[in-house]
1. By average Cβ neighbour count within 10 Å, what is the ranking of 370-377, 15-22, 186-193, 50-57 from highest down?
2. Share of antiparallel DSSP beta bridges in the chain, in percent to the nearest 5?
3. By the scheme Lys and Arg +1, Asp and Glu -1, what is the net charge of all other residues having a beta-carbon under 12 Å from that of P24?
4. Rounded to whole Å and sorted largest first, what semi-axes of the equivalent ellipsoid does the C-alpha gyration tensor of the chain yield via the square root of 5 times each eigenvalue?
5. When the gyration tensor of region 357-537 is built from Cα positions, what are the square roots of 5 times its three eigenvalues, in whole Å, from largest to smallest?
6. Given a cut-off of under 8 Å on Cα pairs at least six residues apart, what relative contact order in percent is computed for region 309-399?
7. What's the FRET efficiency of T351 with Q470 using the Cβ-Cβ distance as r and R₀ = 22 Å, to the nearest 0.05?
8. Mind checking which aspartates and glutamates have their Cα closer than 14 Å to the Cα of K228? Skip sequence neighbours fewer than 8 apart in that chain.
Amino acid sequence: MPTGAQALVQTLAELGVRLVFGLPGVHNLSVFRALADSSIRVVGVRHEQAAAYAADGFARATGELGVALVTTGPGAANTLGATGEAMASRSPVLVIATDIPAALRRPGVYRGVLHETRDQAAMFAPVTKAASTVADPATIGDAIRDAAALAIAPSSGPVYLGIPTDLLDQPSRAAAKSPATAPLATPDPDLVAAAADLLARATRPLIWTGGGALRAGASAAVGELAEKLAAPVVTTFLGRGLLAADHPCAVPGPIHAPEVGPLWDEADLVLAIGTDFDGMMTQNWAMPRPPTLIAINIDAADANKNYRSDLTLVGDATTVTRALAARITQVRGDVAQLADRLTALGERVATAVNAEDPQAAAFLQIMERALTPETIVLADMCIAGYWLAGYRRVPRPRTLAYPAGWGTLGFAFPASLGAAVADRGPTVCVTGDGGFLFACGELATVVQERIPVTIVLVDDGGYGMLRFDQSQAGEAPFGVDLAVPDFAMLAEAFGLPASTHAGFDDAFEAWLVDAVAGGEPRLGIVRVALTPPPTTSPRWYRRRPAPLRSAGSERRDGPLASERQVSGATRRADGSSQR
């Protein structure tokens, strides 16, 4: 029989896993030995957090399971920040960590075994879909299979699995059977018909799409429905690229921009597909609830937790959107007229950006010209990343990754390692000097693994966003200016070619074109300070008003106390249905 370590690796291979990201430790060396004899590529990183970020980057670029393999105690704990980001952004990541030997653990007693944690799995419970520890070496294969299936299943997200190190050398087996998969919910056809009727009668419909629509592959279905309705389509940070930038219904800017926001205000009906209306997109729910709201979501509670919908269709975003489109039998508006309006809107957005910050405008224009449609861009929580996440016209799904959930600084560079080795297209990382320093040691990984990533490092001498916050508050900068290395010399010390630029100019554009086409790792440093865009919270033009209350009700953008959700439709407490 195979050992537990061999069963682990064999099961991953049978699941189609082709890459794992990890760091060896004394407790997991047997797994690394088993990986050496397998078809799975091991990308060895320099910090466990980078392993989880890289697994996340791989998952976002491909839609496949990302796997991080780390060791016991502090090794596992080091992944928590990145695992939390994967949870908030719903990335299918499997974190496999060893735990102390089962033979040395006494329930309820902390003994001081090397790397011992009182309850290692419990650390992961708040930031995963599930966290468990294998108790029987014979079940390692089944545990891996079940954890992987759970991570991928809608709504996807990270799963933690701990394996006591002594079980890895005991007899085991690969997964014995395929995991049971629960069928996705499908809405009542009468609800679909009711939703189609509301859509057909709307005079100013708006479609709002999120990461759930993108992960479900709903691009074609959303595009078809939008054209039949002649409805503009807003995408959230996690939905960027759902519609091609040149689609006639694609809104050419973020909803946070004052030029774009009126699309929400004028809509008499909003169709929300695969979204939960989070605070980052709604300016902390300062956007008023639309007169009529229809939600398509795999989870009714998720769909209604922030804005109560008039009608909730529970099911796969692609399937339900197609069903709606099939019921709209004729185009009910002028798509060409909408396209002209959105083109004019895009011109106003571009003019506003150029007036706000010419360097930010130049940066966006260069990224538009220099990158191919296949290029995957990973943006960090830095000012340049904010501009990209909000304003870049993303050409296709899974070509922009942004830490829109937890908003973890230092995400982009280690995540770009996973995206680049996925081999789905050229990969560009956009990071700031502060975020890059979180994981600059991963330059060693880039060089050793020959990872073809182009790193654009925007150096403004510190935490530029925080410096802006202090300035807005009338305070002198404190704690936000950084002593940084000579980044070019640092890169060259690792054997990585580097280039320094004074701004987003023609020389930088020429360098970027050459770097992306070259297929080799490069670092470009741009010394420039940018103004934060309107997508950042200090710049939001909406401010949430004090809640209006009346007897027997809650504020109008939240759930009504007199209503409850039943079987995908809103029902009042008296039993009557509000459709």
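Throughout, read-outs are computed from the coordinates displayed, never taken from laboratory work. The structure displayed is predicted, hence computed values, not measured ones. Heads up, the Cβs are rebuilt from the backbone with ideal geometry, glycines too, and the neighbour counts pull from every protein chain shown.
1. Values: 370-377: 18.5, 15-22: 21.5, 186-193: 15.9, 50-57: 33.8.
The most tightly packed comes first, giving 50-57, 15-22, 370-377, 186-193.
2. Working: 10 of 70 bridges.
Rounded to the nearest five, the antiparallel share is 15 percent.
3. Values: positive: R33, R46; negative: E48.
Charge balance in the 12 Å sphere: +1.
4. On the way: eigenvalues 301, 210, 95 Å².
Sorted largest first and rounded, they come to 39, 32, 22 Å.
5. Working: eigenvalues 114, 69, 48 Å².
So the equivalent ellipsoid measures 24, 19, 16 Å along its semi-axes.
6. Values: 29 pairs, mean separation 17.3, N = 91.
Relative contact order, region 309-399: 19 percent.
7. On the way: r = 29 Å, r/R0 = 1.33.
That gives a FRET efficiency of 0.15.
8. D197, D334
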